[in-house]
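Enquirer: Right, I'll just put the structure down here and ask away after.
The values are calculated or read from the model by the stated rules, or taken from the named source; none is laboratory data. Just so you know, these numbers come straight off a predicted model, no measurement behind them. With ideal geometry, Cβ positions are generated from the backbone for all residues, glycine too; neighbour counts draw on all protein chains shown.
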Amino acid sequence: MCRKLECYLKSFSTLRTDRSRARWSAATCHQAPYKPFLLLSILDLISAGSINKNFIEPSFELAETFAGYVSKIMPLGASASMSYPFYHMDSVGFWNLVPQPGIPHETGRTVSSAKRLRELYLGARFDDGLYPLLVMTSSREKLRTVLITKYFAEELQPSLREQAYVNTNASKYSSELLTTADLSPVYTANSEENETLKTRVRSQGFRKAIVTLYNHRCSLCGIRMLTPEGHTIVEAAHIIPWSKSHDDRPQNGIAMCRLCHWSFDEGLMGVGDEYEVLVSKAVRQDNNFPGHMETLSGRGIFRPKKSQYWPNMGNLVRHRKDKFRSR
């Protein structure tokens, strides 16, 4: 079994990919980019500490990270399932699928959705010789460089490196938000971050933390819609906007679906002193048809399990004072 970095560098540079020039442009060197996207996503999660053992689960976080690379590099509107490269990477030699109990591994299957992938496999493991190299920063970055330079055009390579930086540091920031009791409300950027990069890291980290705390459920209406491919209906909202508070602490965050988020920002919805949903009378004005929104009035909001992460009441009071339409 190969255990040397040079051997794995060669393996990473010779992945079996679809090389139809009619299908793939020069941007991805006329080959399918999905196995490189998956490996880059795994490297990001290892770098962030989200993957800390030699077992790769087809998790929501991995699917979301993979989808981020797809949306960053592929044409607008393009989509892809992580399941395809996850299953077919079994052919590369260093990737070993772990089937569900009682379900033998078979080649040649059609695994086109994350749901189907999870029905068949618990996850995958790297070769014992490769995983230690992925944990070490120096060798991991050499392997990352091979993936970026071998499978993507030169003009795309800085964007890929930036995406990796954002993924890694946003995950670290999210972890800090959820584990550090006295975290400063102001995100501290690294010296090399420009304002755009700083904003991307901070906002993605905040979103990860809030969506995780609320388990992808809207705090106001309770809806939870999570696709196997890593898409969620909820967004992370600041109770007091970042522009005014510069506060990313979970107590200044709340998970909402897009309708509730918009309504909250417009002052049509709020949260009362008993953590109950408030619906403004203004929703019935101007020939509006608020639908189910009025049925939410007075219901308790959905909150994180740990009370230390509940929305800060002072922030909710301020939102009612500054934004909520009482009539």
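Enquirer: Got a number for residues in the range 136-146 being assigned to a helix (DSSP H, G or I), over 21 Å from the mean Cα position of the chain (by Cα) and either free of Cβ contacts under 8 Å to residues at least 24 places away in the same chain or under 15 Å from K35 (Cα atoms) (or both)?
Expert: Within the range 136-146, residues that are assigned to a helix (DSSP H, G or I), over 21 Å from the mean Cα position of the chain (by Cα) and either free of Cβ contacts under 8 Å to residues at least 24 places away in the same chain or under 15 Å from K35 (Cα atoms) (or both) number 5.
Enquirer: Considering the range 272-314 alone, what residues qualify as being aromatic (F, W, Y), over 24 Å from T212 (Cα atoms) and in contact with a Leu (Cβ under 7 Å, 6 or more places away or on another chain)?
Expert: Of everything in the range 272-314, nothing turns out to be aromatic (F, W, Y), over 24 Å from T212 (Cα atoms) and in contact with a Leu (Cβ under 7 Å, 6 or more places away or on another chain).
Yes/no matrix, rows are residues, columns are (1) surrounded by 20 or more Cβ atoms within 10 Å (Cβ to Cβ); (2) without any contact (Cβ under 8 Å) to a residue 12 or more places away in the chain; (3) in contact with a strand residue (DSSP E or B) (Cβ under 9 Å, 6 or more places away or on another chain):
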site: H238; (1), (2), (3): yes, no, yes
site: P250; (1), (2), (3): yes, no, no
site: I254; (1), (2), (3): yes, no, yes
site: C260; (1), (2), (3): yes, no, yes
site: D265; (1), (2), (3): no, no, yes
site: D273; (1), (2), (3): no, no, no
site: E276; (1), (2), (3): no, no, yes
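Enquirer: With respect to A32, determine if the residue is in a loop (DSSP other than H, G, I, E, B), touching a Ser or Thr at 6+ places or on another chain (Cβ under 8 Å) and farther than 30 Å from T212 by Cα.
Expert: So A32 fits the description; yes.
Enquirer: Do you know which residues across the range 265-279 are under 28 Å from the mean Cα position of the chain (by Cα) and under 13 Å from R318 (Cβ atoms)?
Expert: Listed by number, the residues that qualify are G270, V271.
Enquirer: Okay, next question. Is there a residue being assigned by TED's automatic domain parsing to the domain that holds P250, surrounded by 18 or more Cβ atoms within 10 Å (Cβ to Cβ) and hydroxyl-bearing (S, T, Y) anywhere in the range 295-302?
Expert: no
Enquirer: Does K35 satisfy the criteria of being in the same structural domain as Y121 (by TED's automatic domain parsing), surrounded by fewer than 16 Cβ atoms within 10 Å (Cβ to Cβ), more than 20 Å from Y165 (Cβ to Cβ) and modelled with pLDDT of 95 or more?
Expert: no
Enquirer: Then there's this: Is at least one residue of the range 3-11 assigned to a loop (DSSP other than H, G, I, E, B) and surrounded by 13 or more Cβ atoms within 10 Å (Cβ to Cβ)?
Expert: no
Enquirer: Next question, about the same structure. Evaluate the following for R258: is it among the charged types (D, E, K, R) and within 24 Å of N288 (Cα to Cα)?
Expert: Yes, satisfied.
Enquirer: Let me ask you something else. Please pick out the residue among L183, L143 that is in contact with a Phe, Trp or Tyr (Cβ under 7 Å, 6 or more places away or on another chain) and either at pLDDT below 95 or over 19 Å from K72 (Cβ atoms) (or both).
Expert: L143
Enquirer: Look through A26, A78 and report the one residue that is over 24 Å from the mean Cα position of the chain (by Cα) and surrounded by fewer than 14 Cβ atoms within 10 Å (Cβ to Cβ).
Expert: One residue alone meets the criteria, A26.
Enquirer: Please indicate, with yes or no, whether at least one residue in the range 270-283 is hydrophobic (A, V, I, L, M, F, W, C) and either more than 16 Å from R325 (Cα to Cα) or touching a Gly at 6+ places or on another chain (Cβ under 6 Å) (or both).
Expert: Yes, that holds for at least one residue.
Enquirer: Which one is nearest to E229 (Cα to Cα), of the residues in the range 102-117 that are in contact (Cβ under 8 Å) with a residue 12 or more places away in the chain and over 23 Å from the mean Cα position of the chain (by Cα)?
Expert: It comes out as R109.
Enquirer: Any chance the range 58-74 includes a residue that's free of Cβ contacts under 8 Å to residues at least 12 places away in the same chain and closer than 23 Å to L226 by Cα?
Expert: Yes; the residues of the range 58-74 include at least one that is free of Cβ contacts under 8 Å to residues at least 12 places away in the same chain and closer than 23 Å to L226 by Cα.
Enquirer: Could you say whether any residue in the range 152-165 is in contact (Cβ under 8 Å) with a residue 60 or more places away in the chain, touching a Ser or Thr at 6+ places or on another chain (Cβ under 9 Å) and over 30 Å from P75 (Cβ atoms)?
Expert: Checked the range 152-165: no residue is in contact (Cβ under 8 Å) with a residue 60 or more places away in the chain, touching a Ser or Thr at 6+ places or on another chain (Cβ under 9 Å) and over 30 Å from P75 (Cβ atoms).
Enquirer: A further question on this structure: In the range 1-23, what residues are of a type in the set (D, E, K, R) and over 28 Å from the mean Cα position of the chain (by Cα)?
Expert: Of everything in the range 1-23, those that are of a type in the set (D, E, K, R) and over 28 Å from the mean Cα position of the chain (by Cα) turn out to be R3, K4, E6, K10, R19, R21.
Enquirer: Before we move on, is K53 at pLDDT 95 or above, buried (at least 19 other Cβ atoms within 10 Å of the Cβ) and charged (D, E, K, R)?
Expert: Criteria not met by K53.
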